[in-house]
There are 2 protein chains.
Amino acid sequence: MTDATDLLKPGERLDYLARENLSIIQNPDYFAFSVDAILLAHFAKVPRRQTARILDLCSGTGVIPFLLSAKTAGHIDAIELQEALVDMAQRSCQLNNLTDRLTFRQGDVKTMEAARPLYDVVTCNPPYFSVTNKQTQHHLTSHAIARHEVYLTLEQWVAQAKRQLRTRGKLFCVYRPDRLDDLMETLLGAGFSVHRLQFAYGKADQVAKVVLVEAIYAGGRQGLKVEPPIVMYGPDQQYTPEMKAIYYGD
Amino acid sequence: MTDATDLLKPGERLDYLARENLSIIQNPDYFAFSVDAILLAHFAKVPRRQTARILDLCSGTGVIPFLLSAKTAGHIDAIELQEALVDMAQRSCQLNNLTDRLTFRQGDVKTMEAARPLYDVVTCNPPYFSVTNKQTQHHLTSHAIARHEVYLTLEQWVAQAKRQLRTRGKLFCVYRPDRLDDLMETLLGAGFSVHRLQFAYGKADQVAKVVLVEAIYAGGRQGLKVEPPIVMYGPDQQYTPEMKAIYYGD
């Protein structure tokens, strides 16, 4: 591993992913990865083979490619709009000696060229919040761009995922349950089937905070599976054993 | 309460609903209510007022109207295709002295006239299984009619629910998670919004067995809420405290 002190810029910190033994550069002034990304990388099933081709949309500081690199020997491309986040991801890539398997680039998901050959898997932790109510989105910080549909709508990233995937290729995404109807409608309308859902709850008696989705492009409907619930916190306010397993391994 | 011995026919039994102190006539030769109906009646929110108008489609032996009668002072109409089940429901109605608040009639959901005035709430525990594969549906027993889309498809009962409901009226239904994509697509296509979902799991580490759905007709989308998971059985194979509360009260 490259010495981190050579790669860190002022204000940056390293976040350590224990299970995968990876360090990721973050900066509190910019959007940092959240538990949503951790859950998505855990939920996603990727081919292990070296020829697997995976694309991560809205990659941020690259947490999903880094976590997936432990699950596949394939190549992972990642695209992110915000230059500062791409810069951090590229340096994290050097730091973890993954430059031969991970490629981070700055770009707009809306205007990407279709890849040749097409991808086997697309992952996405997209902006969640619609911007119909301007008051909820007070200024265009890095966080606002990552979390609100300012530059990228649901329809736009689903259309791009469809464009990049081969027939029967898989899309894995994480979303807010309160827009699950919009998400499913958009996916079904774009020719995806919804193959697997999993809900994560803050506590066992609370409404779901997160939904994880596996959709298959042009594969026909074969029955949807709703995986066991993930409960994040126990009554003692600590992570449940299942969440510890996700973070630290079984 | 009328003496049950006067009302029971040969081969029939009484099932007791402890929480509501109601007895329901069942016959093992015909379709009997399952935990799905109990979960749906518990999930459904109905107006308490005496003027509330509620319709139960595919009512079977009437378990949903009986359970809802404890949650509302309104009138509940119920329709069921199979004459033998309607006959049992009508006698259960006498038995529980509910003839002034519950009306059971034999009829085909496909061809019902629209009610005037329209209903506030429609409930439905519909046939779940599509009949594309004839081998899964070996003979047309009462059970097969109730469980398979032999006489009534998803599109047909959703269309009828839409026809019977007032603007912003609510549909509550129970369904198999493996067809949640079909269900949501059909509901959204018919002008419903999906307002609330709840998943029930056999055990905490198993895929979901049941999904409960609240949909609002012509109300616009206001954000979907996924209620806390219901886990039916504990590691000891016994009902969990939450399932005991549903059956026996808190």
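Side notes on the structure shown:
- Criterion: in a loop (DSSP other than H, G, I, E, B), in contact with a His (Cβ under 9 Å, 6 or more places away or on another chain) and either surrounded by 21 or more Cβ atoms within 10 Å (Cβ to Cβ) or charged (D, E, K, R) (or both) - qualifying residue of B:D100, B:D29: B:D100
- Residues in the range B:134-180 that are part of a strand (DSSP E or B), more than 21 Å from A:L180 (Cβ to Cβ) and modelled with pLDDT of 95 or more: B:L165, B:R166, B:T167, B:G169.
- A:T61, sole failed condition from (1) modelled with pLDDT of 95 or more; (2) assigned to a loop (DSSP other than H, G, I, E, B); (3) more than 25 Å from A:G202 (Cβ to Cβ); (4) not aliphatic (A, V, I, L, M): (3)
- Among the residues of the range B:181-211, the ones that are surrounded by 21 or more Cβ atoms within 10 Å (Cβ to Cβ), more than 9 Å from chain A (Cβ to nearest Cβ) and either in contact with a Lys or Arg (Cβ under 8 Å, 6 or more places away or on another chain) or part of a loop (DSSP other than H, G, I, E, B) (or both) come to 3 in all.
- When the residues of the range B:32-58 are filtered to those that are among the β-branched types (V, I, T) and not in a loop (DSSP other than H, G, I, E, B), the one that is surrounded by the fewest Cβ atoms within 10 Å (Cβ to Cβ) is B:V35.
- Considering (1) more than 10 Å from chain A (Cβ to nearest Cβ); (2) small (G, A, S); (3) over 27 Å from B:G169 (Cβ atoms); (4) in contact (Cβ under 8 Å) with a residue 24 or more places away in the chain, the lone condition that B:A245 does not fulfil carries the number (4).
- For A:A159: the one exception among (1) more than 11 Å from chain B (Cβ to nearest Cβ); (2) under 15 Å from A:N125 (Cβ atoms); (3) of a type outside the set (V, I, T): (2)
- Residues (away from chain B (no Cβ under 12 Å) and under 20 Å from B:G202 (Cα atoms)) located in the range A:212-242: A:M232
- You will find that of B:A73, B:A114, the residue that is more than 19 Å from B:R163 (Cα to Cα) and surrounded by fewer than 21 Cβ atoms within 10 Å (Cβ to Cβ) is B:A73 and no other.
To keep it simple, each residue is scored yes or no on (1) under 20 Å from the mean Cα position of the chain (by Cα); (2) among the charged types (D, E, K, R); (3) within 15 Å of B:L224 (Cα to Cα).
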| position | (1), (2), (3) |
| --- | --- |
| A:M184 | yes, no, yes |
| A:F192 | yes, no, no |
| A:R196 | yes, yes, no |
| A:V207 | no, no, yes |
| A:V213 | yes, no, no |
| A:I216 | yes, no, no |
| A:G223 | no, no, no |
| A:I230 | yes, no, no |
| A:Q238 | no, no, no |
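The values are calculated or read from the model by the stated rules, or taken from the named source; none is laboratory data. The structure displayed is predicted, hence computed values, not measured ones. Positions of Cβ are backbone-derived with ideal geometry, glycine not excepted, and every protein chain shown enters the neighbour counts.
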